[in-house]
């Protein structure tokens, strides 16, 4: 597999590049490294949102060296010659290329949201390469588990006492029935966070500039999750320890759905972060970083 590393003058400190199997130049950012343990490979969600939105994962970089991949066509990574390669299952070998580039025999892998499908497919295809898997508010369509509009409404009902609820609720529902406008996405944003803090507002405001809509449309396109039964069978034999972390207030996944996902792995545990939405490291950085660091250190 042809791989190379380059650091160019004027590029952001900590950003490096390597070549994927098809020659696409991909970028990753390194953060931290003072803590014990090897690197923690981090896959973003979105889908297809640049890894910058992960930040330092609430200070997790104080415990582990984070290696944050920009998926093809996002952040510092090139767009591929073949747009069909944005499909989730076709990006599995990008993760494997990064592992090989870093010279790691086994990896600790963390992912968020839509990146859950990519990480699960990677673990199914390369089970001997995964030491730990941390799924944060992660999707699991690759396993045949999806989040329904009814589940989103159930989670939203937990927020009825919020002063913004009435203005945001109908817009939030339109996001999940496919009729949302840009204004609806903006209005529904509070449901994705535990609190409407300045940090949460800034985090949400950066989403549009960090996202590749064309790539997002292709990510879960037909064939991406063609064999959920086969993927379930593959992860049922996974030796890796798995953490499934859900936000108490999140509808994707609801805590009980996160527990269902965990039950498909032989060595998994579920943690529900109190008061958190879809971005738990933004809602309570210390609790999030502490939870994940403790899991990784066992």
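The values are calculated or read from the model by the stated rules, or taken from the named source; none is laboratory data. Quick caveat: nothing in here was measured; it's all calculated off a predicted structure. We place every Cβ from the backbone using ideal geometry, glycine too, and count neighbours over all the protein chains shown.
Any chance the range 204-219 includes a residue that's modelled with pLDDT of 95 or more, out of contact with any helix residue (DSSP H, G or I) (no Cβ under 7 Å at 6 or more places or on another chain) and closer than 23 Å to residue 143 by Cβ?
Checked against the condition, which is being modelled with pLDDT of 95 or more, out of contact with any helix residue (DSSP H, G or I) (no Cβ under 7 Å at 6 or more places or on another chain) and closer than 23 Å to residue 143 by Cβ, the range 204-219 yields at least one hit.
Residues that are within 24 Å of residue 258 (Cα to Cα): find the helices (runs of 4 or more DSSP H) completely inside the range 125-212 holding 2 or more of those.
In the range 125-212, 149-156, 165-177, 198-205 are the helices (runs of 4 or more DSSP H) which contain 2 or more residues that are within 24 Å of residue 258 (Cα to Cα).
Taking the range 84-107, which residues are surrounded by fewer than 20 Cβ atoms within 10 Å (Cβ to Cβ), outside any helix (DSSP H, G or I) and in contact (Cβ under 8 Å) with a residue 24 or more places away in the chain?
87, 104, 105, 106
Let's see how each residue does on (1) in contact (Cβ under 8 Å) with a residue 24 or more places away in the chain; (2) farther than 18 Å from residue 237 by Cβ:
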position	(1), (2)
112	yes, yes
120	yes, no
136	yes, yes
140	yes, no
146	no, yes
158	yes, yes
162	yes, yes
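Taking the range 7-19 as the search range and keeping residues that are modelled with pLDDT of 95 or more and out of contact with any helix residue (DSSP H, G or I) (no Cβ under 8 Å at 6 or more places or on another chain), which one is surrounded by the fewest Cβ atoms within 10 Å (Cβ to Cβ)?
At the first step, the residues of the range 7-19 found to be modelled with pLDDT of 95 or more are 16-19.
Next, only the ones that are out of contact with any helix residue (DSSP H, G or I) (no Cβ under 8 Å at 6 or more places or on another chain) stay: 16-17.
Details: 16: 18, 17: 20.
Across the range 7-19, the extreme among qualifying residues is 16.
Is it the case that residue 262 is out of contact with any helix residue (DSSP H, G or I) (no Cβ under 9 Å at 6 or more places or on another chain) and either surrounded by fewer than 24 Cβ atoms within 10 Å (Cβ to Cβ) or farther than 29 Å from residue 149 by Cβ (or both)? Don't jump to the end; show me each part of the working.
On the way: out of contact with any helix residue (DSSP H, G or I) (no Cβ under 9 Å at 6 or more places or on another chain): yes; either surrounded by fewer than 24 Cβ atoms within 10 Å (Cβ to Cβ) or farther than 29 Å from residue 149 by Cβ (or both): yes.
Taking the combined requirement at face value, the residue satisfies it.
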